Structures are given as structure tokens and as C-alpha cells.
1. Within the set of pairs 6+ apart or on separate chains, which have a first residue in segment 143-156 that is closer than 19 Å to Ser193 by Cβ, a second that is among the small types (Gly, Ala, Ser) and surrounded by 19 or more Cβ atoms within 10 Å (Cβ to Cβ), and C-beta atoms under 6 Å apart?
2. Do we find a residue being at pLDDT 95 or above and touching a Phe, Trp or Tyr at 6+ places or on another chain (Cβ under 8 Å) anywhere in segment 33-42?
3. Can you give me the number of residues within segment 65-83 that are of a type in the set (Lys, Arg) and within 22 Å of the chain's Cα centre (by Cα)?
4. Looking only at segment 72-84, decide whether some residue is of a type outside the set (Ser, Thr, Tyr), under 30 Å from His303 (Cβ atoms) and part of a helix (DSSP H, G or I).
5. I'd like the full set of residues that are among the polar types (S, T, N, Q), loosely packed, with under 15 Cβ neighbours inside 10 Å and under 19 Å from Arg27 (Cβ atoms), limited to segment 52-94.
6. Check Leu260, Leu242 and return the single one that is crowded, with 16+ Cβ neighbours inside 10 Å and either part of a strand (DSSP E or B) or modelled with pLDDT under 95 (or both).
7. Which residues, taken from segment 219-256, are aromatic (Phe, Trp, Tyr) and touching a residue at least 60 places away in the same chain (Cβ under 8 Å)?
8. In segment 35-51, is there at least one residue being within 30 Å of Gly18 (Cα to Cα), buried (at least 20 other Cβ atoms within 10 Å of the Cβ), touching a residue at least 60 places away in the same chain (Cβ under 8 Å) and among the charged types (D, E, K, R)?
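The values are calculated or read from the model by the stated rules, or taken from the named source; none is laboratory data. Treat the numbers as computed from the prediction; the structure is a model and nothing was measured. With ideal geometry, Cβ positions are generated from the backbone for all residues, glycine too; neighbour counts draw on all protein chains shown.
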Amino acid sequence: MPLPVVYHPHYGAALPDGHRFPMAKFRLLVELLLSDGVITADQIHLPQVAPRQWLELVHDPGYVSAYCHGTLDPKAQRRIGLPWSPPLVERTCRAVGGTVLTARLALTTGLACNTAGGTHHAFPTYGSGFCIFNDLAIAAHVLLQEHLAQKILIVDLDVHQGDGTAVIFGDRPDVFTFSMHCGANFPAIKQPSDLDISLPPGMEDDAYLRTLGTYLPDLLSSVKPDLVLYDAGVDPHVGDHLGKLALTDRGLFRRDMQVLSTCCQQGYPVACVIGGGYAADLRALVYRHSLLHRAASEVWQRHSSLGMV
């Protein structure tokens, strides 16, 4: 069986010209993976739209209803940063469904990758920072509710702290939240994760990878999760508009190899989402996101040959 990759053409939705959220990256990412031979069409799994009952495991029903029906008040809508439209509602719920599907596939196969996801700034009653519904939190809740997992570890390496995720699981011992982020960056007010590692601006590849290596193996050994949800945001890149760290393309690839290899070698299934990334050069940005899938393909081939995935 090849590495499972989750995608749907509805992962995109039209935004106004000049909007800084790079919505086209989802389609372009899959096109690049296919054209470069990283994946083939038969590896792609199509997700369902997340039903309301999944969304309401994490989010207030009033907020879910207001967003889905376009009646959210203007201030709350501005906090999200994405102009409302019916296609965006469908796209948002489809991406949540994608992360749930990715998590299910990872439990079955050992490793799976979404081509969207990582909306970690969404709180139970409001959205923020381009995040509407928290796909990582919803996927965790679905698996726990269905008794497919008893303990989940969220490894969030987006450059911005996963504040919404931290709040959602603040009193949940069955989900451990680990966020390694630039301290001098959005959000201004950080929320306490189970483990927060605040990095200084300008940190480069080697120091970043050493820091990650200091924490991840011990976390896996102590938490012993049934599943790792990995947010592989590429905004720690030196060229990211919203980042403030200084990782290179090679550094991002080494990071993803480090996370996936460490988890797979210890027998922990990993479900990956692509997280944030912002750059004027859309093709360069899409390539950065593809590094996750390139690393996952390499790890899959390596460990499947040993019967470990």
C-alpha cells in the first residue's frame, strides 16, 4: 500500500484579489507532488465534509451555526481574516474532514498526510488568524469519542503558538499539546500548552533541530501516544512573511524527517497537516509545503521495507 495522501479539489475557495492568504497553495501543492512523482493519483484519498456533530465536539453550537449560515457578527468575522462565502464554508468543513480522515488512515497504516489543515488558532467560541474550526482538536476528539485512541500527542511546529489548541485541551489529560514556536510572534498573548518551547527570532537550522531533538524523543517515551498529530507549518522559513525564524528549505526537510523518523522508529503512528506558510513567491511556498510529503514518502519507503509502517 502506498503512503496515504488526503486531498479534495474543494480545498480551495476564491478570495478577493490581493488577499494575503495563499488559498491556491492547496491545489498547487497536489499538482506539484503529482508532477514531481512524489505521489501518484491512486494515493489520494477524498475526504467527506465534516458533519456538524464533529464540529460541535470542540466548538460552541452557536458559533458553528453563525459561521456556517453567514450570520457571524462583523467583528468576529474580521478576527478570522477571511471573507465569508458559501464555498469557504464548504472548503473549511472539507479540510476538517480531511484531517479526521488522515488521522484514521494513520492509525491503520502508521503514517498519512493531509494537504491542508493546521488551523490551530481557532478557539471554541471564535476563529482567529485565518483559522475557523480547529481541525487538529476536532480530529483528536473524534478519535477519542470513537475509542480509536486513548492518548494523543499534538506536535505543533508552526512558527506561531497553537493557542486555540492549547485552550481546548487545557484540562484534557488524554491529549498532550506540544508547541515549539517563535516567542516574538503572533499571538501576542500565548496560552499554556502542556509543553511550550519559545524560540528566539532568527534561529537557524542546526539550533532549531537540536532543540527539537532535546524534547521530542523524551515526549514520545513519556506520553506514549496512540497517535501523533503533526502540524508541519513552513512559516519558520527564513523567507516567510510572518515567520521571524530562519530555517532553510533543507532545514524544513530535515525537521520533517526528524519528526517522522523518530515517531516511526518508535512505532507511533503520525497524521500530518501542512500548517501555515506565507510568501509572495507562491511556487517557492508550495515547494516548501511539499517537503513534508517528500519526507513522508522517504520515511514510508524506508520503514515499510522493514515492516515498520
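1. Taking only residues 6 or more apart or on different chains, the pairs are Ile152/Ala140; Asp156/Gly162; Asp156/Ser179.
2. No: segment 33-42 contains no residue that is at pLDDT 95 or above and touching a Phe, Trp or Tyr at 6+ places or on another chain (Cβ under 8 Å).
3. Residues flagged as of a type in the set (Lys, Arg) and within 22 Å of the chain's Cα centre (by Cα) within segment 65-83 amount to 1.
4. no
5. Residue satisfying the conditions is Ser85 alone.
6. Exactly one of Leu260, Leu242 is crowded, with 16+ Cβ neighbours inside 10 Å and either part of a strand (DSSP E or B) or modelled with pLDDT under 95 (or both), namely Leu242.
7. Step one: list which residues in segment 219-256 are aromatic (Phe, Trp, Tyr), which gives 230, 253.
Tyr230, the sole residue that qualifies.
8. no
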